[in-house]
Amino acid sequence: MGRPDPEEGQLPAPVKPPDGGWGWIVLLGCFVITGFSYAFPKAVSVYFKELMKDFHVGYSDTAWISSIMLAMLYGTGPVCSIMVNQFGCRPVMLIGGLLASAGMILASFTTNIIELYLTAGVLTGLGMALNFQPSLIMLGTYFDKRRPLANGLAAAGSPVFLSSLSPLGQVLLEKFGWRGGFLIMGGLLLNCCTCGAVMRPLDMGMKRKMGKAQDKYEAKEMLPIGGKSEEGISTTDGTKKGKKAKKKPKKGKKLLDFSIFSNRGFIIYTISKFILVLGLFVPPILLVNYAKDTGVPDTEAAFLLSIIGFIDIFARPACGMVAGLKWVRPHVAYLFSFSMLFNGLTDICSARASNYTGLVIFCVFFGISYGMVGALQFEVLMAIVGSQKFSSAIGLVLLIEAFAVLIGPPSAGRLVDALKNYEVIFYLAGSEVVLSALFLGVASYCCLNRGKKEPPPENNPSAGAGSDTEEAESDVQEGEEHSSNNHQPAHSTDNAVAVANEEANHVAEEQRGEGGGCPAGDGEVLARDGCNADQMVERDSF
């Protein structure tokens with residue numbers, strides 16, 4: 001009742017997630033998409049030195065390539081949400097894979113840095129955005145009880161690809177130059193189309209057919225045998241169709257659900273993530289160039305990102321398993337706050353690292369903390385807004401984070417050009433991450449936990465019956481109108497009404513068992529005690 005039809009642009013009603021089955025294939029596709037989306041902007045930094053020589057630009061100019069990729073990944077969030085709600089996840093991901101590949105292929109033919117911004121930055125970033133967000137939505141559709149673990153395993157795609165794409169990029173740079181490397185990378189991005197093809201939506205058709213068949217079977221069991229039973233069935237079917245037709249105009253298309261801004265937890269999460277993104281991506285983007293400037297050979301400098309990726313591979317699934325524990329999952333926001341605090345302190349404590357050994361130690365601890373942040377960030381958002389509003393929530397959050405992405409790394413690169421000192425950059429980035437952790441933890445405790453301790457308002461017994469009971473009663477009224485208008489036999493109409501009345505009592509009893517506010521007792525006491533007085537009046541009229 002009141003279920004929006006998918007052909008009208010509405011998302012179907014939620015189906016119970018299978019927590020397995022084809023969901024593992026969806027998880028594998030999400031693993032690959034997450035790897036490309038997060039690791040690719042960092043892996044491209046391997047080519048920055050050659051780009052600086054060919055285009056005669058500085059650190060800040062080349063850092064804009066990664067920043068634009070990340071900004072497109074985040075800034076196009078609402079566009080992705082609208083496209084997913086309108087067309088579904090699979091078509092959007094197929095288009096995104098083609099755009100991502102085309103952007104890197106075109107980037108291999110560019111002649112200036114501006115063209116590189118438009119191709120590798122804008123086009124490839126848009127393509128990865130059209131893959132990343134739908135894959136997370138599908139993951140939340142297929143998993144519920146195992147969702148923290150699934151998020152952790154999918155997030156592990158980022159370090160796996162980072163540990164492999166960075167050395168691969170260095171090899172391609174040495175053998176084919178940056179143009180040949182970009183061309184081959186573009187071919188690799190076509191794998192996103194394969195991942196999009198496996199994102200099969202949960203089928204609602206079979207469930208609807210089974211529900212309709214069950215309704216008819218129950219009606220046949222309750223009504224007399226013969227042709228009159230078919231009349232009763234047609235009466236109940238006509239009643240449901242008439243009710244559905246009356247309710248259709250009330251439903252409008254919601255391509256973006258802005259009601260999530262009334263959720264205090266969502267507001268706190270969004271502000272915290274904005275501050276976090278200002279400093280989170282700065283260290284890994286500048287790490288390779290920093291190592292090269294300190295005299296570390298190019299191959300060993302690129303290997304630093306592989307160390308982060310290798311540690312990150314184990315940190316994300318492990319953190320996902322911890323977050324899925326019964327005594328941890330209700331407090332996952334505080335675990336997320338701790339992971340951000342750990343990451344920020346790692347940046348601050350490692351700011352003075354000036355040799356290869358110190359950089360390796362920094363990469364180990366940064367990989368652990370970064371993996372914890374990556375495994376929990378979307379799990380916390382899903383827990384706050386729920387799976388039905390997640391597509392809109394993630395789009396709006398990513399849009400807000402896009403501004404932070406455009407500010408963070410380019411500003412850090414400009415400070416490097418001006419100060420020629422990486423120590424200040426690490427201090428600044430770490431302080432921003434620590435601030436975001438403190439804000440999330442303190443605001444969650446003060447604004448959310450205190451709100452839960454307030455005594456709930458007393459339920460009004462007269463309004464205790466739920467909306468499902470009222471809808472069942474409306475079925476009775478509309479069944480009577482339908483039967484009178486079409487001159488159906490009186491006893492067949494009475495039988496249909498009796499079925500609807502029994503359904504109303506059954507729904508009311510269920511709600512009373514769940515604490516809906518109705519007094520305890522059987523179906524007859526329900527009407528006498530006044531929990532549903534309108535239903536009593538209707539029965540008297542019959």
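With a 1.4 Å probe and all protein chains in place, put Glu300, Glu174 in order of accessible area, largest first.
Details: Glu300 80, Glu174 125 Å².
So, going from the largest accessible area down, we get Glu174, Glu300.
Given a 1.4 Å probe, how much area per residue of the stretch 16-222 is accessible, in Å²?
Per-residue accessible area for the stretch 16-222 comes out at 39 Å².
Near Leu153, within a Cβ-to-Cβ distance under 12 Å, what is the net charge of the other residues, with Lys and Arg +1 and Asp and Glu -1?
It works out to a net charge of +2.
Relative to the present Cα-Cα distance, how much length would full extension add between Val198 and Ser387 at 0.36 nm per residue of separation? Let's see the in-between values first.
Working: separation 189, 0.36 × 189 = 68.04 nm, distance 2.01 nm.
Contour length minus Cα-Cα distance gives 66.0 nm.
With the Cα gyration tensor of the stretch 16-222 giving a ≥ b ≥ c as the square roots of its eigenvalues, does the rule (a/c under 1.5 for rounded; else a/b larger than b/c for prolate; else oblate) give rounded, prolate or oblate? Write down the numbers at each step before the final one.
Numbers: a/c = 3.22, a/b = 2.54, b/c = 1.27.
In terms of gyration-tensor shape, prolate.
For the stretch 12-131, place one equal point scatterer on every Cα, skip the solvent, and apply the Debye formula. What is log10 of I(q)/I(0) at q = 0.21 Å⁻¹?
-1.16
What does the convex hull of the Cα atoms come to per residue for the stretch 354-424, in Å³?
Details: hull volume 7.0 nm³, N = 71.
Dividing the Cα hull volume of the stretch 354-424 by its residues yields 99 Å³.
When the C-alpha atoms of the stretch 310-381 are aligned to their principal axes, what extent does each axis show, in angstrom, from largest down?
Between the extreme Cα coordinates on each principal axis of the stretch 310-381 lie 43, 21, 18 Å.
Please report Rg over Rh for the stretch 258-450, where both radii come from the alpha carbon positions and Rh follows the Kirkwood definition.
1.00
At a probe radius of 1.4 Å, what is the per-residue accessible area of Lys389, in Å² to the nearest 10?
Its heavy atoms expose roughly 80 Å² to the probe.
Please report, as a whole percent, how much of the solvent-accessible surface of the stretch 261-409 comes from carbon and sulfur atoms (probe radius 1.4 Å).
Numbers: 3930 of 5400 Å².
Roughly 73 percent of what the probe reaches on the stretch 261-409 is carbon or sulfur.
Quick one: of Lys175/Lys420; Lys49/Lys420; Lys16/Lys145; Lys145/Lys326, which pairs are farther than 20 Å apart, Cα to Cα? Write down the numbers at each step before the final one.
Details: Lys175/Lys420 31 Å; Lys49/Lys420 16 Å; Lys16/Lys145 11 Å; Lys145/Lys326 10 Å.
Check vs 20 Å cut-off fails for Lys175/Lys420.
The values are calculated or read from the model by the stated rules, or taken from the named source; none is laboratory data. This is a predicted model, so every value here is computed, not measured. Using ideal geometry, Cβ is built from the backbone for each residue, glycine included, and neighbour counts are taken over all protein chains shown. For accessibility, only protein heavy atoms count, side chains too; no ligands or nucleic acids. Shrake-Rupley method; radii C 1.70, N 1.55, O 1.52, S 1.80 Å.
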